[in-house]
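These notes concern the structure reproduced below.
Only the coordinates and a few stated rules stand behind these numbers; no lab work does. Just so we're clear, the structure is a prediction, and the values are computed from it rather than from any experiment.
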Amino acid sequence: MDPQLAEALSTLTTGIYVLTVSTGDQHHGMSSSWVTQVSGDPPLLMAAVDQRHFSHGLIERQGVFGLNVVGKNSKALEDYFFSSAARRPDNLAPFAYELGTTGVPLLTQAMAAFECRVVSRYPAGDHTLFVASIVTAIVRQHDQPLTSLDLPYVYVGTVVPRQRN
């Protein structure tokens, strides 16, 4: 990616989330930052997921996912799910979680969690935009959400170091 474009894209502020999926006894999470609310009535969320990522196929097949909001007090979630230690299919063992009504894992360490059911999907380059209704919303702790500005790197389609002054 062109360095000027990467730097410009890195100025777009995003939240930091852990997107979770499951199939059978296999539970998986991935660091996710391309997430936003796209409707108020009904409330809908959108998550952009790389088509090459393990989670993508599970969302396609299951039609559900969890979205766990990482707070400043739960930054360990981002540290782990961004690391190479998390790059395996069944990677939730280090963290406590509960299964929602759809079977998706909801991390108890997250400041908030959403259980989501896909209602639409749109191809977008190398990602798919999954638009989902909210099945369940849980606030676990009052904290400040972690954002891309809090990290020394940013994902813009590739991971780049954040430009600091």
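Tabulated data for the structure shown
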| quantity | calculated |
| --- | --- |
| For the chain, the spread of Cα positions along each principal axis, largest first, Å | 45, 34, 33 |
| Phi-based couplings in Hz for region 77-90 (Karplus 6.51, -1.76, 1.60; Gly and Pro marked x) | 4, 5, 4, 6, 6, 7, 7, 5, 4, 8, 7, 8, x, 10 |
| Choice from TYR122, TYR155, TYR80 showing the highest fluctuation, given a GNM over the chain with Cα pairs closer than 10 Å | TYR122 |
| Length added when fully stretched, LEU9-ILE134, from 0.36 nm per residue minus Cα-Cα | 42.1 nm |
| Most fluctuating residue given options PHE54, PHE130, PHE95, as computed from a GNM of the chain linking Cα atoms under 10 Å | PHE95 |
